[in-house]
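Peer 1: Here you go, one structure.
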Amino acid sequence: MRLAIFDLDNTLLAGDSDHLWGEYLCAQGLVDVEAYRAKNDQFYQDYLSGQLDVIAYQNFCQEVLGRTDKEMLSQWHADFMRDYIEPIILPKGEKLLAKHRAAGDLVMIITATNRFITGPIAQRLGVEHLIATECGMQDGQYTGELVNVPSFQEGKITRLNAWLAEHQATLVDSYFYSDSHNDLPLLEQVTHPVAVDPDDTLRELAEQRGWKVLSLRD
């Protein structure tokens, strides 16, 4: 079966769910607002520039999961979905997902954002197969610590290769849609790399290499 793989943030969404979760926590007064926002913003700038320390970032953003009851986190996430995610779901992205499903393709989201944030978003988009950065769990609660390889940059290839082996699948005739130069390692692995509303670095490379460039924004 042919794979159609999608990045999530700024690809299927008109924004970054990871950074927005931090904004939600600040807006609700659930963290030290000034300090948390400053760190959240700096990590996001590091991501945009390709300099993100993904381990340090995951330690930062998963800490709140480890000190909060899972039921409370679920309520926070429901509010977050309603107020921050629903408004940035791109209808053209949903249509593209539907187009691949209609063609018989297996649709997947692969994202550096953690599974706590992205699991409900993938479910909302009707995408069963999600590779995300994993959150530690113990006795039904989050530990606040990263587990497994973060699905970021080359880590996306590591995690995808493990998935391919488990499902006896390949990247033959595969698609990958992404906005970010951070995803170049995986874009170079698939048959059909597609730059979606790309950052300047990815746009330039896509044009040099003859990759398809498209917009899912209205």
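Peer 1: Roughly how many percent of the accessible protein surface of region 71-133 is carbon and sulfur, given a 1.4 Å probe and a whole-percent answer?
Peer 2: Solvent-exposed carbon and sulfur of region 71-133 make up 53 percent of the total.
Peer 1: So, one more: Taking every pair of Cα atoms in region 1-43, average 1/r, invert it to obtain the Kirkwood radius, and report Rg/Rh to two decimals.
Peer 2: 1.20
Peer 1: How are the alpha carbon pair distances in region 98-218 distributed across 5 Å bins from zero to the largest one, expressed in percent?
Peer 2: In order of increasing distance, the bins hold 2, 10, 18, 22, 22, 14, 7, 4, 1, 0, 0 percent.
Peer 1: Another question about this same structure. By per-residue mean of other Cβ atoms within 10 Å, what is the highest-first order of 100-106, 5-11, 125-131?
Peer 2: Taking the mean over residues of other Cβ atoms within 10 Å, the ranking is 5-11, 125-131, 100-106.
Peer 1: Now a separate question. Per residue, what accessible area does the chain have, given a 1.4 Å probe and all protein chains present, in Å²?
Peer 2: Each residue of the chain exposes 47 Å² on average to a 1.4 Å probe.
Peer 1: Roughly to the nearest percent, how much of the accessible area of region 173-218 is carbon and sulfur, given a 1.4 Å probe?
Peer 2: Carbon and sulfur atoms account for 40 percent of the accessible area of region 173-218.
Peer 1: So, with +1 on the Cβ of K and R and -1 on the Cβ of D and E, and no other charges, what is the size of the charge dipole of the chain about its Cα centre, to the nearest 20 debye?
Peer 2: 720 debye
Peer 1: Consider all pairwise Cα distances in region 149-205 and report the whole-number % of them above 16 Å.
Peer 2: 43 percent
Peer 1: For region 31-175, take the alpha-carbon Rg, divide it by the Kirkwood Rh, and send me Rg/Rh.
Peer 2: Radius of gyration relative to Kirkwood radius: 0.97.
Peer 1: At 222 nm, what helix-only mean residue ellipticity would the chain give, in deg cm²/dmol to the nearest 500, using -39500 (n - 2.57) for each DSSP H run of four or more?
Peer 2: After summing the helix terms and dividing by the residues of the chain, the value is -14000 deg cm²/dmol.
The values are calculated or read from the model by the stated rules, or taken from the named source; none is laboratory data. Just so we're clear, the structure is a prediction, and the values are computed from it rather than from any experiment. Note: ideal-geometry Cβ built from the backbone for every residue, glycine included; neighbour counts use all protein chains shown. Only protein heavy atoms, including side chains, enter the accessible area calculation; ligands, DNA and RNA are left aside. Shrake-Rupley method; radii C 1.70, N 1.55, O 1.52, S 1.80 Å.
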